[in-house]
Every structure is written in structure tokens, then in C-alpha cells.
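The values are calculated or read from the model by the stated rules, or taken from the named source; none is laboratory data. Predicted, not measured: the structure shown is a model, and the values here were computed from it. When we count neighbours, we look across all protein chains shown, and the Cβ atoms used for this are built from the backbone with ideal geometry, even at glycine.
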Amino acid sequence: MAIAQLEQGQYLVYDYANNRCSYTGDGEPMLVYCEEKLYDERKQSHKDFVLKATDFTDGKIYPRLIKTYVGDIYTTNSITVANTADDATVTIGTDATLIVGKYLVVDTTTGFLKLSSETSLANITGMAWKIVKVYTMSDGKQAGFKIQRVQ
């Protein structure tokens, strides 16, 4: 499956034998860490950190993946949906279900973290993250979530 777009904060599984990435497969999902080059001075506030296959000369995305470990903590706003517009308003932070103490798991159809339906870590299989703080991102507009890998 060719991936048309990847956003920082998504998760992919790397198939080393076939040198391919996808949302599912053998192995643990790894965090997509894309670094956007801001050569266009008109887009210095560009904040979507998205890689698009159409922006590459061969039409393929070559993502940088980072393995995460239990105990890792990071801040993200990439939960459930992508925000790819330069000036889009992120409203997921107002969702009353995304609160401290809730668990997140990787959605194997999109690669984004999503809210787990389980309320107990014992009932979750595979990788799990816990929301440990909800606040505003540094741009002063977007909801941010500090999450910790707990399984």
C-alpha cells in the first residue's frame, strides 16, 4: 500500500525484509518524526509537519521512524485526525473524552493515536499511551497533550 501523506505523530510498522512501511504488520509501530524544511519564507509559520508523496520526485515518502519505550513522554496534537491546513483550528482538545488518565492506542487504519475504549491498562494488548497533561501548544491556539508510554 502506497502512503500518500504522513504527519508527524503518526505510527508506522517497518517491514525490514521488504523495506516497506505500513500501518500494520509484524513488529511494533514506530513514531513518525518528519522534519519540514522551510525554504519558502512565506511559510515560516507553517506548522503541519506533513510529508506528501506528491512533494517527492519519485512519489514515495521516506519517513524517519523512532522507536519508543515504556516511560517515554512527549507532547503531541496528533490524536485521531490530521491537521494539514496552515491555519486550521484544532478542536479535538475540546473533546471531553481526551482527558488526563485516559489511554491511547495506535489506530491500525490511519497510524494516528486514538482513544482506547478500555479503562484498564490490563485489558489493552500491545502499545498503550496515557494522557498525563492537557494544555495549549506553544502557538497559543491548539490543544496539546502530554502523553506517556505505559505499555
**Request:** State all residues of the stretch 67-84 that are over 21 Å from ILE99 (Cβ atoms), of a type outside the set (Phe, Trp, Tyr) and either at pLDDT 85 or above or over 13 Å from the mean Cα position of the chain (by Cα) (or both); if no residue qualifies, say none.
**Result:** LYS67, THR68, VAL70, GLY71
**Request:** Report, by residue number, each residue of the stretch 46-63 that is modelled with pLDDT of 85 or more and closer than 27 Å to LYS141 by Cβ.
**Result:** PRO63
**Message:** Just to be sure I understand, how many residues within the stretch 119-134 are assigned to a strand (DSSP E or B) and surrounded by fewer than 12 Cβ atoms within 10 Å (Cβ to Cβ)?
**Reply:** 0
**Message:** Looking at the stretch 135-151 only, could you name the residues that are surrounded by 15 or more Cβ atoms within 10 Å (Cβ to Cβ) and at pLDDT 90 or above?
**Reply:** PHE145, LYS146, ILE147, GLN148, ARG149, VAL150
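Answer yes or no as to whether VAL13 is surrounded by 15 or more Cβ atoms within 10 Å (Cβ to Cβ), at pLDDT 85 or above, over 11 Å from the mean Cα position of the chain (by Cα) and on the phi < 0 side of the Ramachandran plot.
On the way: surrounded by 15 or more Cβ atoms within 10 Å (Cβ to Cβ): yes; at pLDDT 85 or above: yes; over 11 Å from the mean Cα position of the chain (by Cα): yes; on the phi < 0 side of the Ramachandran plot: yes.
Yes; evaluated as a whole, the condition is true for this residue.
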**Request:** May I ask you to list the residues in the stretch 107-118 that are over 14 Å from the mean Cα position of the chain (by Cα) and outside any loop (DSSP other than H, G, I, E, B)?
**Result:** none
